[in-house]
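The values are calculated or read from the model by the stated rules, or taken from the named source; none is laboratory data. All of these numbers come straight from a predicted model, not from anything done at the bench. All Cβ positions, even for glycine, are placed from backbone atoms using ideal geometry, and neighbour counts span all protein chains on display. Keep in mind that these areas ignore ligands, DNA and RNA; they rest on the heavy atoms of the full protein, side chains included. Shrake-Rupley method; radii C 1.70, N 1.55, O 1.52, S 1.80 Å.
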Amino acid sequence: MATGRVDPQRRERIISAALDLIAEEGVAGVSHRKVAARAGVPLGSMTYHFHNRDELLREAFTSFSGTIIALFEEHLATATTPDEARKAVADLVHRLSDGNERELVLTHELYTLAAREPAYRELTRAWMHSSRQALQRYFDPSTARQLDALIEGLSLHRALETEPHERALTIEAIARITASS
């Protein structure tokens, strides 16, 4: 007879704790011990749910990329025309860069890891594919690819810039890229 508590949210708490730790200390700061302490779970739970650190990181970044993909979908869902999609993309750029430092750090921790590790490149490619699929409802594949890169670049620049980036400039850049679509 089992005597342990049933904790159906334990895996999700571990993933959330791992993402918090990555945002604060970087990928290098993640260990099973630190994540277990942050999640408030026994250390043995870590190896029960995740065989190793790499599996934990992949699951955490998969969860995070799903959150960002959902933001893409949410912003583009109500657009019915290319003009409305352009406005939705501008809203998305501003949402991604307006003060959510955690998302910015997690994005770049994933990109850095993907630059070093092929398995994470596949994760980022899947993320880009999903983003582009959402954009391709309104724009041709080539334009969607350029627009996806613009979203990433503008979000990063807006988040790190000390000077305000006017919304009109974002809309102008989007209009240039999508003019032929």
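Test of understanding: among 45, 31, 63, 16, which residue is surrounded by 18 or more Cβ atoms within 10 Å (Cβ to Cβ) and among the polar types (S, T, N, Q)?
45
Provide a single number: the residues in the range 111-142 that are aliphatic (A, V, I, L, M) and without any contact (Cβ under 8 Å) to a residue 40 or more places away in the chain.
Of the residues in the range 111-142, 3 are aliphatic (A, V, I, L, M) and without any contact (Cβ under 8 Å) to a residue 40 or more places away in the chain.
Cβ-Cβ under 7 Å, sequence separation 6+ or interchain: first residue in the range 81-95 and touching a residue at least 12 places away in the same chain (Cβ under 8 Å), partner open to solvent by less than 20 Å² (accessible area, probe 1.4 Å) and not in a helix (DSSP H, G or I). Which pairs?
Short answer, once both residue conditions are applied: 82/139; 85/79; 88/79.
Do you know which of the residues in the range 80-117 that are open to solvent by 70 Å² or more (accessible area, probe 1.4 Å) and basic (Lys, Arg) is farthest from the chain's Cα centre (by Cα)?
87
Please verify whether residue 77 is out of contact with any Pro (no Cβ under 8 Å at 6 or more places or on another chain) and surrounded by 16 or more Cβ atoms within 10 Å (Cβ to Cβ), treating the condition exactly as stated. Lay out the reasoning, then the answer.
Working: out of contact with any Pro (no Cβ under 8 Å at 6 or more places or on another chain): yes; surrounded by 16 or more Cβ atoms within 10 Å (Cβ to Cβ): no.
No; evaluated as a whole, the condition is false for this residue.
Can you pull out the residues in the range 153-181 that are of a type in the set (D, E, K, R) and surrounded by fewer than 16 Cβ atoms within 10 Å (Cβ to Cβ)?
161, 163, 166, 167, 172, 176
State the number of residues belonging to the range 143-152 that are open to solvent by 70 Å² or more (accessible area, probe 1.4 Å) and either in contact (Cβ under 8 Å) with a residue 40 or more places away in the chain or of a type in the set (Lys, Arg) (or both).
Adding up the residues that qualify gives 1.
Hey, could you check the range 48-60 for residues that are over 19 Å from the mean Cα position of the chain (by Cα) and in a helix (DSSP H, G or I) and say which is surrounded by the most Cβ atoms within 10 Å (Cβ to Cβ)?
Only one residue tops the list, namely 49.
Please pick out the residue among 162, 124, 143 that is in a helix (DSSP H, G or I) and over 18 Å from residue 65 (Cα atoms).
Selected residue: 143, the only one of 162, 124, 143 that is in a helix (DSSP H, G or I) and over 18 Å from residue 65 (Cα atoms).
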